[in-house]
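Have a look at the structure below before the remarks.
The values are calculated or read from the model by the stated rules, or taken from the named source; none is laboratory data. Treat the numbers as computed from the prediction; the structure is a model and nothing was measured. Glycine also receives a Cβ, built like all others from the backbone with ideal geometry; neighbour counts cover every protein chain displayed.
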Amino acid sequence: MKRNHLRIAAPAAMLALALGLSACGAANESDGGSATASGDSVSGTLNGAGATSQEAAIAAWKKEFQTANPDSTVNYDPVGSGGGREQFIAGGVAFAGTDSYLEEDEVTAAKDKCQSDIVEVPVYVSPIAVIFKLDGVDELNLSPKTIGQIFAGKITTWDDAAIKADNPDAKLPSTKITAVHRSDDSGTTKNFTDYLDQASDGGWTGGVVETWPVKGGEAAEGTSGVVAAVSGGNGTIGYADESQAGDLGKAKVKVGEDFTEPTPEAAAKVLDTAAPVEGRDATDIAVDVDHKTTEAGVYPIVLVSYQVACQTYGDKAQAELVKSWLTYVASEDGQAAAASSAGSAPLSGDFASKVQSAIKTIKAA
């Protein structure tokens, strides 16, 4: 199914799986409660897998949550969004991290495995930066069509007329362009190609996909792999969560008549136009954002990451552990921790309340 909007959301919470999934991170016995909600400590183990983009935020969440709950352990394997969803639906992990919300057939499969509805909440929003390394060039402006043509392999050198038009004052070399893309199934790729599909005015013709469709360029696994590949070359360009871009150049993207930097504040503004995906349950907070905006100050290439879990658990301690974890991550403290460590944009008050309402429905069977 082709989506015409980028899926967006803002930092919320980590989730976990469900009824009858003995392989999905068993919880230890506990009198229950939440270290953040009731003051009581919870215990147990949550195993998850999925989006590589969430690693920095998850590290911060784990540190604070496990400090407050010393008998709890949260494990996360950054295998990519597609792998995380597959493992979740198969019952191999307790929660999935994904940079794109579940498709309708995946929702059905997840409900069958959970034997309940699912809780799917946006947990993390961050700009996807167009990162580059080009000797002698520290700043770069790129229009949507130019970006699309570069990643489609239609623009092959840095002194191409289209790039010069975006950067009239820059001294651009004739260096060959090496476009780096994800080799694994990636929600970041899906969000990035969704932007290209909508905004590039035909510069990109590869569609909206999780698996890179264009031959050529250089493939790298995970966000860290793309960053490493771009860092290790010259004339390289790629796409990655801005918080993990390090010292690489980050292009300004043309929005309307201006070029906008990839900052969390600029990315968060696109949430103002977010619309709920039709036909979803109240606890499935999947949203679409139109990123063809021309509004000044808005950065339109945005990474949205969700956490997915079951609504009902067969074990009371497991339900309390998951609920406590999600409650913390969606709290002001949890959002502040992610913003500080990963550069993400915190949930707004109204959106955070909606996320917390979904989390509160998690219960034991």
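Against the condition touching a helix residue (DSSP H, G or I) at 6+ places or on another chain (Cβ under 8 Å), under 21 Å from V79 (Cβ atoms), modelled with pLDDT under 95 and surrounded by fewer than 18 Cβ atoms within 10 Å (Cβ to Cβ), how does S243 come out, does it pass? When the stated conditions are applied, S243 does not pass them. With respect to (1) buried (at least 18 other Cβ atoms within 10 Å of the Cβ); (2) farther than 30 Å from V137 by Cβ; (3) acidic (D, E), the lone exception for E332 is condition (1). Within region 285-295, the presence of at least one residue that is at pLDDT 90 or above and either surrounded by fewer than 24 Cβ atoms within 10 Å (Cβ to Cβ) or under 16 Å from the mean Cα position of the chain (by Cα) (or both) is confirmed.
If only residues of region 215-227 that are of a type in the set (A, V, I, L, M, F, W, C) and crowded, with 16+ Cβ neighbours inside 10 Å are counted, the one that is farthest from G84 (Cα to Cα) is V227. For region 316-342, a tally of residues being within 22 Å of A364 (Cβ to Cβ) and charged (D, E, K, R) returns 3. Screening L196 on (1) part of a helix (DSSP H, G or I); (2) in contact with a Lys or Arg (Cβ under 9 Å, 6 or more places away or on another chain) shows it passes everything except condition (2).
Annotation: of all residues in region 345-362 being in a helix (DSSP H, G or I) and at pLDDT below 85, the one that is surrounded by the most Cβ atoms within 10 Å (Cβ to Cβ) is F351. Residue-level check: of (1) farther than 20 Å from S341 by Cα; (2) in contact with a Lys or Arg (Cβ under 8 Å, 6 or more places away or on another chain); (3) part of a loop (DSSP other than H, G, I, E, B), P262 misses just (1).
Scanning region 288-344 for residues that are closer than 16 Å to A68 by Cβ and part of a loop (DSSP other than H, G, I, E, B) returns A330, S331. Of the residues P264, P300, the single one that is modelled with pLDDT under 95 and closer than 24 Å to P78 by Cα is P264.
For I131, are the conditions met, namely being closer than 30 Å to K252 by Cα, buried (at least 19 other Cβ atoms within 10 Å of the Cβ), among the aliphatic types (A, V, I, L, M) and not assigned by TED's automatic domain parsing to the domain that holds S331? The answer is yes for I131.
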